[in-house]
Amino acid sequence: MSRFQAATVRVPCSTSNLGSGFDTLGLALDRYLDARFEPGDGEGLEVERTGTLADVAFEPGADILLQALQAGLAEAGLGWVLPGGRLRVDSQIPVARGLGSSAAASVAGWLLAQAVTGAAVDRDGAFRTTMDREGHGDNAAPCAYGGLQAVVHGGDRARPFSLPIHEEIGIAYAAPATEVSTRQAREVLPAQVGHGVAVAGLGRITALVQGLATADPELVGLGMKDELHVPHRLALIPGAVHAMSAAADAGAWGVTISGSGSGLLAFGPVDQASELAEILLQVLSPGREAGSVAFAVRPERTGGRVVEAGS
């Protein structure tokens with residue numbers, strides 16, 4: 001009999017680098033990665049991937065979810081050998097489009113390690129291992145804890161904490177077929193910025209936090225403006241400048257790059273979110289190329305969780 005039990009976990013996607021909140025603010029959104037483990041009699045683990053992962057090629061040993069699963073089992077004293085059985089992974093999170101697909105996979109693997117052994121859910125461990133592996137706390141924290149999260153670095157540890165976000169804020173997302181890797185996005189950033197740029201950013205992030213808490217259009221708009229990362233990354237996303245202008249003309253409070261791209265986010269009234277997503281996509285991908293996507297999303301407030309265990 002297997003020492004592991006069947007279990008299912010669900011983890012939301014996340015958007016990071018919110019406007020002026022570069023490397024600091026992240027938000028969980030309601031698109032999910034689901035992972036289901038079923039124990040078997042043999043030693044091998046059969047992996048089935050569907051959704052946005054169906055056509056992704058994984059190099060041996062490079063699957064982030066499996067790496068986090070191994071790490072979670074090892075921390076529980078069960079070694080690094082994957083359990084025998086079947087793992088089904090279904091994701092509705094676009095890959096390499098700025099919605100934290102890697103962070104979601106890492107959190108899912110860690111939580112699944114607890115679930116299959118019957119241990120208590122360890123979101124702190126999920127955040128820690130994802131932060132250590134990915135280096136992006138503003139993706140790791142929303143995936144693990146849900147909601148709007150800030151991550152502050154002090155000494156040798158990163159501390160996440162929750163911030164309020166108003167129910168009446170609508171969010172539109174769209175991305176072209178173009179993929180942007182985190183490496184590409186980091187390479188275009190300047191090594192230094194001026195004192196004035198840094199000070200302006202501090203004011204804007206203060207406005208953004210207050211604007212998201214109160215659904216204040218002016219403060220959200222101010223907070224979404226940025227000089228640290230957005231202007232340098234726009235060239236990596238064909239049509240992004242015009243798409244952002246079109247969404248603003250249509251009533252968006254603020255528009256920015258989601259994560260490191262290629263997706264864009266527009267914030268505005270809830271009842272306009274779907275329309276804004278279509279406006280963004282019309283400019284980013286006029287021919288609706290395969291791989292381009294657009295949809296309205298809402299903040300996801302639960303974070304990574306065990307959906308079912310022991311059955």
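The values are calculated or read from the model by the stated rules, or taken from the named source; none is laboratory data. Computed from a predicted model, the values in this text were never measured in an experiment. We place every Cβ from the backbone using ideal geometry, glycine too, and count neighbours over all the protein chains shown.
Any idea which residue in region 225-244 is surrounded by the most Cβ atoms within 10 Å (Cβ to Cβ), counting only those that are touching a Leu at 6+ places or on another chain (Cβ under 9 Å) and free of Cβ contacts under 8 Å to residues at least 40 places away in the same chain?
Residue satisfying both the conditions and the ranking: M244.
Only one of (1) surrounded by fewer than 17 Cβ atoms within 10 Å (Cβ to Cβ); (2) on the phi > 0 side of the Ramachandran plot; (3) touching a strand residue (DSSP E or B) at 6+ places or on another chain (Cβ under 6 Å) fails for E46. Which number is that?
Answer for E46: the failing condition is (2).
Before we move on, is G21 out of contact with any Ser or Thr (no Cβ under 7 Å at 6 or more places or on another chain), crowded, with 21+ Cβ neighbours inside 10 Å and at pLDDT below 95?
Working: out of contact with any Ser or Thr (no Cβ under 7 Å at 6 or more places or on another chain): yes; crowded, with 21+ Cβ neighbours inside 10 Å: yes; at pLDDT below 95: yes.
Answer is yes for this residue.
If I filter region 82-115 down to residues being β-branched (V, I, T) and modelled with pLDDT of 95 or more, which single residue comes out as nearest to the chain's Cα centre (by Cα)? Break it down stepwise before answering.
Taking region 82-115 first, the residues β-branched (V, I, T) are 89, 93, 95, 107.
Narrowing the set further to residues that are modelled with pLDDT of 95 or more leaves 89, 93, 107.
On the way: V89: 17, I93: 8, V107: 11 Å.
So, considering only residues that are β-branched (V, I, T) and modelled with pLDDT of 95 or more, the one nearest to the chain's Cα centre (by Cα) is I93.
When region 117-167 is examined, which residues are found to be under 29 Å from F267 (Cα atoms), in a helix (DSSP H, G or I) and hydroxyl-bearing (S, T, Y)? Before the answer, list the steps.
Residues of region 117-167 under 29 Å from F267 (Cα atoms): 123, 126-127, 130-131, 134-153, 158-167.
From the residues that got through so far, the ones that are in a helix (DSSP H, G or I) too are 123, 126-127, 130-131, 134, 137-145.
Across region 117-167, the qualifying residues are T130, Y145.
Kindly state which strands (runs of 3 or more DSSP E) lie completely within region 197-311 and contain at least 2 residues that are closer than 30 Å to R3 by Cα.
Working: elements: 254-257, 264-269, 293-297, 305-309.
In region 197-311, 305-309 are the strands (runs of 3 or more DSSP E) which contain 2 or more residues that are closer than 30 Å to R3 by Cα.
Could you tell me whether A68 is buried (at least 16 other Cβ atoms within 10 Å of the Cβ) and touching a helix residue (DSSP H, G or I) at 6+ places or on another chain (Cβ under 7 Å)? Don't jump to the end; show me each part of the working.
Numbers: buried (at least 16 other Cβ atoms within 10 Å of the Cβ): yes; touching a helix residue (DSSP H, G or I) at 6+ places or on another chain (Cβ under 7 Å): yes.
So A68 passes the test.
Go through region 101-147 and report how many residues are surrounded by fewer than 24 Cβ atoms within 10 Å (Cβ to Cβ), touching a residue at least 60 places away in the same chain (Cβ under 8 Å) and hydrophobic (A, V, I, L, M, F, W, C).
1
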